[in-house]
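Below is one structure, written out as structure tokens; comments come after it.
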Amino acid sequence: MAGQRSTGASLENKLQNKAAGANNAPAPSPSQTIAAYLKKMEYQIAEAMPKHMNIERLSRIALTTIRTTPKLLECSIPSLMGAVMQAAQLGLEPGLIGHCYIIPYGTEATFIIGYKGMIDLARRSGNIQSIAAHEVYENDFIELTYGLEENLKHIPWFLRKDAQPAESGKIIGAYMVAKFNDGGHFIHYMPISEIEEHKKRSKASSKGPWVTDYTEMCKKTVVRSGWKWLPISVEIASAVTKDETVRKDITPNDEPFTFDMPQVPNEGDDNPSNDTDPKQPDAGSGQDELDLE
């Protein structure tokens with residue numbers, strides 16, 4: 001009898017300890033929560049992306065971008081998912097090759113198209129043979145003529161034969177040249193003063209690519225400025241309107257989205273979650289609610 005009581009007490013203690021352990025389990029970190037949302041949204045995101053993209057690759061790149069930018073971990077879940085959805089819909093990859101960027105602006109994640117992303121979108125129209133943009137430095141030689149016979153001649157400072165400047169000098173402008181399939185072309189030049197005016201109107205003028213990739217953003221600005229004169233489809237043209245925006249309607253078909261908070265595996269569990277990130281601190285509750293607007 002005593003043995004039975006002892007066994008019963010031991011079992012009760014084990015159950016109490018297990019319950020206490022479950023109640024004291026650490027809350028998911030922001031990184032784990034975002035990873036779970038991305039996993040939950042994979043089907044909807046895959047529906048929106050073009051055929052040349054892979055949902056696993058995009059999810060991995062997006063999560064890496066978010067994890068390596070601490071301020072993004074503080075952004076709202078809807079704005080983060082919205083930025084990833086925008087990248088998917090336009091067929092652009094964030095961060096790595098400058099197609100697009102996800103920039104924290106307060107507690108909202110802002111989607112920004114990069115220079116290479118703008119060029120890629122223009123080429124997809126099918127009406128453009130080639131398109132390129134270049135920055136112009138103070139010691140470059142540049143000659144541009146508009147009119148019935150447009151002509152552009154640009155020699156970088158280090159290739160000039162009429163002079164041998166020791167350095168490039170400051171950026172004084174940027175230009176875009178597009179050649180069309182029908183034989184026509186378009187040249188658009190912007191002095192640095194106009195580019196700086198565009199920069200001032202950007203929400204991310206003091207952060208993100210305007211700080212880390214200033215030259216690329218100068219070229220992106222001149223391409224965006226000349227966008228309306230390019231022979232591109234309405235769908236491609238509308239992509240520019242999504243630049244530097246915060247989107248929260250992350251389900252393309254407006255279906256309600258429910259989310260089960262991921263469980264952080266206890267020590268000794270046989271199947272730990274693949275979404276755990278041991279490098280991330282457990283700060284924050286991760287209990288963000290997804291408000292669809």
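If a residue must be under 25 Å from P165 (Cβ atoms) and open to solvent by 50 Å² or more (accessible area, probe 1.4 Å), how many such residues does the range 109-136 contain?
Residues in the range 109-136 being under 25 Å from P165 (Cβ atoms) and open to solvent by 50 Å² or more (accessible area, probe 1.4 Å): 1 in total.
Name the residue, out of K203, K220, that is open to solvent by less than 40 Å² (accessible area, probe 1.4 Å) and closer than 22 Å to I97 by Cα.
Checking each option against the conditions leaves just K220.
Can you work out which of the residues in the range 188-203 that are at pLDDT 90 or above and of a type in the set (D, E, K, R) is nearest to the chain's Cα centre (by Cα)?
K199
(1) open to solvent by less than 30 Å² (accessible area, probe 1.4 Å); (2) within 23 Å of Q89 (Cβ to Cβ): which one isn't true of R247, the others all being true?
Of (1) open to solvent by less than 30 Å² (accessible area, probe 1.4 Å); (2) within 23 Å of Q89 (Cβ to Cβ), only one is false for R247: (1).
Restricting attention to the range 111-137, which residues are within 23 Å of the chain's Cα centre (by Cα) and aromatic (F, W, Y)?
F111, Y115
All but one of (1) at pLDDT below 90; (2) open to solvent by 40 Å² or more (accessible area, probe 1.4 Å); (3) touching a helix residue (DSSP H, G or I) at 6+ places or on another chain (Cβ under 8 Å); (4) of a type outside the set (A, V, I, L, M, F, W, C) hold for S31; which doesn't?
Looking at each condition in turn, S31 falls short on (2).
Suppose we keep only residues that are surrounded by 18 or more Cβ atoms within 10 Å (Cβ to Cβ), of a type in the set (A, V, I, L, M, F, W, C) and without any contact (Cβ under 8 Å) to a residue 60 or more places away in the chain within the range 93-103. Which one would you say is nearest to H52 (Cα to Cα)?
Among residues in the range 93-103 that are surrounded by 18 or more Cβ atoms within 10 Å (Cβ to Cβ), of a type in the set (A, V, I, L, M, F, W, C) and without any contact (Cβ under 8 Å) to a residue 60 or more places away in the chain, the one nearest to H52 (Cα to Cα) is C100.
Could you figure out which of (1) small (G, A, S); (2) open to solvent by 10 Å² or more (accessible area, probe 1.4 Å); (3) modelled with pLDDT of 90 or more isn't true of G106?
Here G106 clears every test but (3).
What pairs come out if I take residues in the range 61-79 that are over 20 Å from G91 (Cα atoms) and pair them with residues that are buried (at least 21 other Cβ atoms within 10 Å of the Cβ) and acidic (D, E) whose C-beta lies under 9 Å away, six or more apart or interchain?
Here the result reads none, with nothing in the range 61-79 linked to a residue that is buried (at least 21 other Cβ atoms within 10 Å of the Cβ) and acidic (D, E).
Among the residues of the range 153-187, count how many are under 20 Å from W229 (Cα atoms), loosely packed, with under 15 Cβ neighbours inside 10 Å and at pLDDT 95 or above.
Residues in the range 153-187 being under 20 Å from W229 (Cα atoms), loosely packed, with under 15 Cβ neighbours inside 10 Å and at pLDDT 95 or above: 0 in total.
Note down all Cβ pairs under 8 Å where the first residue falls in the range 114-134 and is β-branched (V, I, T), the second is part of a helix (DSSP H, G or I) and open to solvent by 30 Å² or more (accessible area, probe 1.4 Å), and they're at least six residues apart or on different chains.
I131/R123
The values are calculated or read from the model by the stated rules, or taken from the named source; none is laboratory data. Every value quoted in this text rests on a predicted model; they were computed, and no experiment measured them. All Cβ positions, even for glycine, are placed from backbone atoms using ideal geometry, and neighbour counts span all protein chains on display. Protein only, heavy atoms only, side chains kept; ligands, DNA and RNA dropped before computing areas. Shrake-Rupley method; radii C 1.70, N 1.55, O 1.52, S 1.80 Å.
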